[in-house]
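Reviewing the structure listed below.
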Amino acid sequence: MPGVGVKIYSVFFKLLLRHKLQSLAAAAAAAAAGGEDDAAAFGVSCRADEATAPSNPAFSAADGVASKDLHIDPNSSLSVRIFLPTPPPRPHSRRASEPPPATANGGSAPYRGYLPHAVSSPRAAASARRRLPIVVQFHGGGFVSGSSSSAANDAFCRRVAKMCDAIVVAVGYRLAPESRYPAAFDDGVRVLRWIAKQANLAMMSKVGGGVDTFGASTVEPWIAAHGDPARCVLLGVSCGANIANFVTRKAVEDGKLFDPIKVVAQVLMYPFFIGSVPTHSEIRLANSYFYDKSTCILAWRLFLSEKEFSLDHPAANPLAPDRGGPPLKCMPPTLTVIAEHDWMRDRAIAYSEELRKVNVDAPVLDYKDTVHEFATLDVFLKTPQAQACAEDIAIWMKKYISLRGHEFSY
């Protein structure tokens, strides 16, 4: 069982969360009455009252990971935070074994990445840059809170980037109730297509002997120089798992729209699944820690419009009869992480079982004495369970993102 401190913190957390959701519902009703459609269309991707971590384009002395923020859609608040681990060797400047140049504050100089003129030829440039898998991460928060730049999400993404040796693209999707369904899901698809566009622009820019001749003003240098679109993994946390699963289905269904992106696996961390027929865990753990069922249903009411609200909505229940999309047998390998004291666990297990029935690699990692968001909530990030969870995810993920000849060994 969770300790006394966790139980006490959970009580206050739930009170504050419910108050926040009620305030958002009241503000949404007022905005609807006032006809503020333009603001709703642009949306918000971060709440003013949430703690955020600044991006740092220099490689951190603590974990060797650099980060930066990009606003990728001028018509909405959609943004991303990109995390790049350990700088690759720079030709003609230092040996691979040498550390990046240090700055006065103990970190390294900001890394800009895409410098084709720094090498003698396109072939030398290609060999000098190592290609890293890309992990597209969707944060949690019940669709109404959280952000790609929150302190907790920043720390978690840094951990994933370092352990998996991968570029992490954390998606700052639009939040409800300002932007209801399908805004967050559409944003997930838009980010994956944006990454595909960056990969295509990078390939086109090599036409002129390694010098940017096309798209130089729009190409994203970190992804262009070091991202491998053929090794892409989607990772979702809580409600972000719902988004990740939706985007994966879209990538499977309309693969050509995302070329050259290939989604090789997905990770669903305590997904925010629900349904009209209660499961055993939904009955037994309805008043569980941090996120009880009644509060989560309120979040669903803020995300789905009143007209389409249903606990069996395809966004909420991946096994709903009218879910649509590709057959489950076409889905990529799917790792599901669940917590012992989470009322959503049974439905996540059921989804994983359905995937295994059609021969999809879909293991479930069940952590004892843990609660919803035990590996990503700020108060749990330094716990042994959170560290072990990140390590387990990295071990499984490396089966699908390691290059041939460098597969991870158990």
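The string of couplings for region 52-68 from the Karplus curve (6.51, -1.76, 1.60, θ = phi - 60°) is 10, 10, x, 6, 9, x, 8, 5, 5, 5, 7, 10, x, 10, 9, 8, 7 Hz, one whole number per residue in order, with x for Gly and Pro. For region 350-357, putting each phi into the Karplus relation 6.51 cos²θ - 1.76 cosθ + 1.60 with θ = phi - 60° gives couplings of 4, 5, 5, 5, 5, 5, 5, 4 Hz, in residue order, rounded to whole numbers and with x for Gly and Pro. Working ranking of peptides 66-78, 366-378 by packing, defined as the average number of other Cβ atoms within 10 Å per residue, highest first, is 366-378, 66-78.
Looking at this model, which pairs from K20/K399; K329/K398; K14/K307 are more than 32 angstrom apart at the alpha-carbon? Result: K20/K399 exceed 32 Å.
You can think of it this way: the chain between K307 and A61 has 83.5 nm of extra reach, that is 0.36 nm per residue less the Cα-Cα gap. Per-residue Karplus couplings for region 312-329, computed as 6.51 cos²θ - 1.76 cosθ + 1.60 with θ equal to phi - 60°, are listed in order as 9, 4, x, 6, 9, 10, x, 10, 4, x, 9, 5, x, x, x, x, 4, 5 Hz, Gly and Pro entered as x.
Computed from the coordinates by the stated procedures, all read-outs in this text should not be read as laboratory data. Computed from a prediction, not measured in an experiment: that's the story for all the values here. All Cβ positions, even for glycine, are placed from backbone atoms using ideal geometry, and neighbour counts span all protein chains on display.
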